[in-house]
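K.L.:
Before we start, here is the structure in question, set down as structure tokens.
Read-outs throughout are calculated quantities, based only on the coordinates presented, and are distinct from any laboratory measurement. Predicted, not measured: the structure shown is a model, and the values here were computed from it. Every residue, glycine among them, receives a Cβ derived from its backbone with ideal geometry; neighbour counts consider all protein chains shown.
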Amino acid sequence: MSSLIDEWKEQLLEVENGEGHPKMEVRDLRRVSDAGVPILKGISLEIPKGVIVGVIGPSGSGKSTLLRALNRLWEPPSASVFLDSRDICQLDVLSLRRKVGMLFQLPALFEGTVADNVRYGPSLSGKKLSDVEVCKLLMLADLDASFLQKSAAELSVGQAQRVALARTLANSPEVLLLDEPTSALDPISTENIEAALLKLNKNSGMTMIMVSHSIKQIQRIADVVCLLVDGEIVEILNPNQLSQANHPMAQRFLQLTT
Ligand SMILES: Nc1ncnc2c1ncn2[C@@H]1O[C@H](COP(=O)(O)OP(=O)(O)OP(=O)(O)O)[C@@H](O)[C@H]1O
């Protein structure tokens, strides 16, 4: 049976043979700080539909900057990030962010009820979700109907992160960006979020790109792992064969974090 990384390579081959296109593509993405320090040094990556990509690397290696470029929280140079073969800089930024949703380390919910939060995104385009629709979204994020009218301010961090996930899902994203989404959560909440993400990926083929400092989490979730060191992707690895990394910094990083 072929390994996950072989499957990913097969999907990439289909892309290269013209039988499909990557869901997202990053081409020679560069960023230099105002002080002239390179932050991203020419990142290139093709992400097939339905794949979960894990991004790991030392602190300051550019993981969040890369993620933020994918939905223009940081504005990338034109023709360096593509969604369905379209330069994201040419897309309306709000519709891009509906298609490419993001979940942050700490959930930032609005005042009001859980339902108010989940309804927010669709309300921007004049759509009011029914209670049943909100409940379905809550269930996708592993919350039940009893949360509907709860005040967002009264939730635990783990519950709030699941509401933030439901709120993101309300926009029906095709790609989900996850920036250390469980780093502030206890192990049970982490398990719940991971289970919800895996179910979403399995049932709807949602493409995901997840930054995490937890190698074990990446091994539980990701199909492939990109190792970012000093603004460069130095390795693309099978999550179960991380010890095979060749780059010396990669080996050291992995020794210290596994
Ligand atoms: N807005 C900014 N202006 C200037 N430099 C920035 C900006 N944002 C990030 N940087 C710098 O870019 C580098 C990469 O930062 P980034 O947050 O992407 O790293 P990271 O790998 O996500 O780190 P961590 O694991 O600590 O979250 C760092 O040196 C950071 O100081």
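K.L.:
Please work out how many pairs of lysine residues in segment 5-128 are eight or more positions apart (or on different chains) and have Cα atoms closer than 18 angstrom.
P.N.:
Count of close lysine pairs: 7.
K.L.:
Project the alpha carbons of segment 112-258 onto their principal axes and report the range along each, largest first, in whole Å.
P.N.:
53, 29, 26
K.L.:
Within a 10 angstrom radius of the beta carbon, how do 21, 247 rank from fewest other beta carbons to most?
P.N.:
Neighbour counts put them in this order, fewest first: 247, 21.
K.L.:
Take the Cα pairs of segment 46-182, get the Kirkwood Rh, then feed it into Stokes-Einstein at 25 °C and 0.890 mPa s and tell me D in µm²/s. Can you show the working numbers first?
P.N.:
Numbers: Rh = 15.9 Å.
For these conditions, the coefficient is 154 µm²/s.
K.L.:
To one decimal place, what orientation-averaged projected area in nm² is obtained for the convex hull of the Cα set of segment 1-110?
P.N.:
9.1
K.L.:
Moving on. How much net charge surrounds residue 130 when only other residues with a Cβ under 12 Å from its Cβ are counted (Lys, Arg +1; Asp, Glu -1)?
P.N.:
+2
K.L.:
Continuing with the same structure: What fraction of the DSSP beta bridges in the chain is antiparallel, stated in percent and rounded to the nearest 5?
P.N.:
50
K.L.:
Additional query: Round to the nearest 10 and give me the degree value, 0 to 90, for the angle of helix 187-204's Cα axis relative to the longest principal axis of the chain.
P.N.:
Orientation of helix 187-204: about 80 degrees from the principal axis.
K.L.:
Taking the Cα atoms only, what angle lies between the long axis of helix 4-16 and the longest principal axis of the chain, rounded to 10 degrees?
P.N.:
So the helix axis and the longest Cα principal axis differ by about 80 degrees.
K.L.:
Roughly how large, in nm² to one decimal, is the mean projection of the convex hull of the alpha-carbon atoms in the chain?
P.N.:
14.8
K.L.:
Which value, in debye to the nearest 20, describes the size of the charge dipole of segment 4-257 about its Cα centre when Lys and Arg Cβ atoms bear +1, Asp and Glu Cβ atoms bear -1, and nothing else is charged?
P.N.:
Its charge dipole is roughly 420 debye.
K.L.:
Just going by the charge dipole of segment 21-92, with Lys and Arg at +1 and Asp and Glu at -1 on Cβ, which of 82, 52, 35 is farthest out on the positive end?
P.N.:
52
K.L.:
Now a separate question. In whole percent, what relative contact order does segment 116-166 give with Cα contacts below 8 Å and a gap of six or more residues?
P.N.:
On the way: 36 pairs, mean separation 20.7, N = 51.
With pairs under 8 Å counted, the relative contact order is 41 percent.
K.L.:
How far is the Cα center of segment 161-224 from the Cα center of segment 16-66, in Å?
P.N.:
19
K.L.:
A further question follows. If you line up the long axis of helix 131-140 against the longest principal axis of the chain, both from Cα atoms, how many degrees apart are they, to the nearest 10?
P.N.:
30
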